[in-house]
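*Asks:* A single structure is presented below for examination.
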Amino acid sequence: MQNIVLLSIKPEFAERIFSGEKKYEFRKTLFKSSSVKKIVVYASSPVKKIIGEFEIDCILSLKVDELWLKTCQHSGISKDFYDYYFDGKCIGHAIKIKNTVRYFKPKDLISYNLHFAPQSFIYLPDTQGKQLALL
């Protein structure tokens, strides 16, 4: 079962997730496995580190305009950025975030036998997720 996903997130948005300002992570496409319960956060360039994790409360998949109306107060992004991100898309996805854990010491990808950062996401074996949880 694929319960854990490593998600690449821009550092400024990752910071907003762990500060509690951003309660939704927006995606144009979602992972295919419906068993995913945990997201491990890889802060992309210039940070390039695994910095924490969170659990999935629920996932909203709605028309882009409806999605904004339901999530805007806790989006952690501007309406302009939202519109730019979802330009040309009919349906958008918002992962509702709960139980964030910021790692005391960020880790390199190679620490978990990962040799590249995912463009969007990659599934992690449960054993790697358990290793990360020990940080």
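Every read-out reported here was derived from the displayed coordinates using simple, explicitly stated rules and does not represent laboratory data. The shown structure was predicted, so the numbers you read here are calculated from the model rather than taken from an experiment. Glycine also receives a Cβ, built like all others from the backbone with ideal geometry; neighbour counts cover every protein chain displayed.
*Asks:* Based solely on its DSSP helices, what 222 nm [θ] is calculated for the chain when runs of n ≥ 4 H residues each add -39,500 (n - 2.57) and the sum is averaged over all residues, nearest 500 deg cm²/dmol? It would help to have the intermediate numbers written out before the result.
*Replies:* Values: 4 runs with 32 residues, N = 135.
My calculation for the chain gives -6500 deg cm²/dmol from helical runs alone.
*Asks:* Around THR71, what is the net charge, scoring Lys/Arg as +1 and Asp/Glu as -1 over all other residues with Cβ under 9 Å from its Cβ? Intermediate values should be presented prior to the final figure.
*Replies:* Working: positive: LYS23, LYS70, LYS96; negative: none.
Here the count lands on +3.
*Asks:* Set the Förster distance to 41 Å, then compute FRET efficiency between CYS72 and ILE110 from the Cβ-Cβ distance, nearest 0.05. Walk me through the numbers before you get to the answer.
*Replies:* Numbers: r = 38 Å, r/R0 = 0.93.
Efficiency, from the Cβ-Cβ distance: 0.60.
*Asks:* With +1 assigned to the C-beta of every Lys and Arg and -1 to the C-beta of every Asp and Glu, and no other charges, what is the dipole magnitude of region 53-105 about the Cα centre in debye, to the nearest 20?
*Replies:* Details: 8 positive and 8 negative charges, 42 e Å.
Here the size comes out at about 200 debye.
*Asks:* Give me the extension gain from LYS10 to PHE81: residue separation times 0.36 nm, minus the current Cα-Cα distance, reported in nm with one decimal. Walk me through the intermediate numbers first.
*Replies:* Details: separation 71, 0.36 × 71 = 25.56 nm, distance 1.30 nm.
This chain segment gains 24.3 nm when fully extended.
*Asks:* Using +1 at the Cβ of each Lys and Arg and -1 at the Cβ of each Asp and Glu in the chain, identify which of VAL64, GLY88, VAL47 lies farthest towards the dipole's positive end.
*Replies:* Toward the positive end, the furthest listed residue is VAL47.
*Asks:* Oh, and also: What is the Cα centroid distance between region 3-30 and region 46-117, reported in whole angstrom?
*Replies:* Region 3-30 and region 46-117 have Cα centres spaced 3 Å from each other.
*Asks:* Something else about it: Return the distance in nm (one decimal) between the two label points of a simple spin-label model at SER120 and SER35, each offset 7 Å from Cα along Cα→Cβ.
*Replies:* Result: 2.1 nm between the two label points.
*Asks:* Still on this structure: Label-point separation (nm) for ARG102 and LYS48, each offset 7 Å from Cα along Cα-to-Cβ?
*Replies:* 2.3 nm
*Asks:* Under unit Cβ charges (Lys, Arg +1; Asp, Glu -1), what dipole magnitude, rounded to 20 debye, does region 1-105 have relative to its Cα centre? Numbers along the way, then the final one.
*Replies:* Values: 19 positive and 12 negative charges, 74 e Å.
The calculation lands at about 360 debye.
*Asks:* A further question on this structure: Could you pull out every one of the lysines with an alpha carbon less than 21 Å from that of LYS38, ignoring same-chain neighbours closer than 8 positions?
*Replies:* Correct list for LYS38: LYS10, LYS22, LYS23, LYS28, LYS48, LYS49, LYS96, LYS98, LYS105, LYS107, LYS130.
*Asks:* For HIS74, HIS115, which order do you get if you count the other beta carbons within 10 Å of each Cβ and list the fewest first? All intermediate terms of the calculation are to be shown ahead of the outcome.
*Replies:* Details: HIS74 15, HIS115 6.
Neighbour counts put them in this order, fewest first: HIS115, HIS74.
*Asks:* Right, something else. If contacts are Cα pairs under 8 angstrom and at least 6 residues apart, what is the relative contact order of the chain in percent?
*Replies:* On the way: 243 pairs, mean separation 49.8, N = 135.
Once normalised by length, the contact order is 37 percent.
*Asks:* Can you work out ³J(HN,Hα) from phi for every residue in region 86-96, in order, using Karplus 6.51 cos²θ - 1.76 cosθ + 1.60 and θ = phi - 60°, giving whole Hz and x for Gly and Pro?
*Replies:* So the J values, rounded to whole Hz, are 9, 3, x, 9, 8, 10, x, 10, 10, 8, 7.
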